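Notes follow once the structure below has been shown.
Just so you know, all these numbers are worked out from the coordinates, no wet-lab data involved. This is a predicted model, so every value here is computed, not measured. Every residue, glycine among them, receives a Cβ derived from its backbone with ideal geometry; neighbour counts consider all protein chains shown.
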Amino acid sequence: ILVMSNCDPRLSGFEVNFKGSTVWMNPYGYLPATLYYFIPFFGTMALVYGALALIWLILNAIHWKDIVSLQNYITCVMAVCLIENMILYFDYVNFNEHGHRHHFTLVLGVLVTMFRRTISRMLIMAVSIGFAIVRPDLGKNKKHILNFGLVYFCLGLTQQILIDLAKVHTNISDHWRTLLAIPVAAADSGCYWFIFISLYHLITMLRVRQQLVKLAVYKTFTKVLMFSLVCATIFSCYHLYLTSTNQVIQSWRVWWFLDEGIWNILFSVIFFAICFLFRPSQSAKRYAYSQLSTDMDDEFGLEDEGAVELDDIEEDEPLFTLGDDDVEPVMDKKTAKLD
């Protein structure tokens, strides 16, 4: 409250203007209430990724002779996720204690976040075409994945900078954030389209070849992706509704979760699934891009959910013509009937 007293009658009727700045401090520190929950959130995520990294390194050390290239990429993404959460945690802790954000940690946090978001999507795209498990390389998809990563990084970086600036500058309109979210959402939609189309062709090929161990792995991975897609759609619609109806201020207690928290959680669910399904094991390299026998499936206790009915064929007659760049099965003379 600012109170001014005037005892000079000659100044009556004059308008007096004051200029200055105010410093607000809550009982828990300088951090605004809408951002406070990021401290325990990113702190918890850093601990979770630290524990996951420890377990992952132990598995890598035990099965170091059987490591495939996909698991090395998973290790890189895991390291970036851990670094990102640690940087963001200490950035918000510093902001809460001193009332301002260091430009270096702010810029570094934005760059690391966008790098993580980009390489994580590229990793999921590579997994969806069977990289290092069904096929030894990316083939012609390598160029598409790299181009997507470059475009997505540029679009997402612009949006992320605006999001971080809006956290400390209230004069930035939420409508700008919504406008910039459209091309990023379009890129994400294209990414999901590529992933599900690739998984469809991959699962079809594995069914016909009766590689049931790999088939079960990729079917589980597809279910996890579908679950995350449904959740993302629901939260995106609710986020858009709050923004378009100007209810952001009224929903300040959950806005941090809708704005960033839910996306980090959904990615973590997908990434944890990848780590579990493609974890280092004694048989990882032995099963990589090789035909599995029925005996191996029985050994793992997997039931033949997607049985394939095939006509009798000669052993020297190929059922598929499968090139390095194609994962879609191509029938040759004989027919295969899927469930």
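Just a few scattered comments:
- Computed packing ranks the peptides 233-246, 117-130, 68-81 as 117-130, 68-81, 233-246, most packed first, by mean other Cβ atoms within 10 Å.
- Under the combined filter of DSSP loop state and at most 15 neighbouring Cβ atoms within 10 Å, the range 1-83 retains these trypsin sites (Lys or Arg not before Pro): 19.
- Theoretical FRET efficiency, 1/(1+(r/R0)^6), r = Cβ-Cβ of residue 250 and residue 25, R0 25 Å, to 0.05: 0.55
- Separation of the range 179-254 from the range 79-104 is 28 Å, based on Cα centroids.
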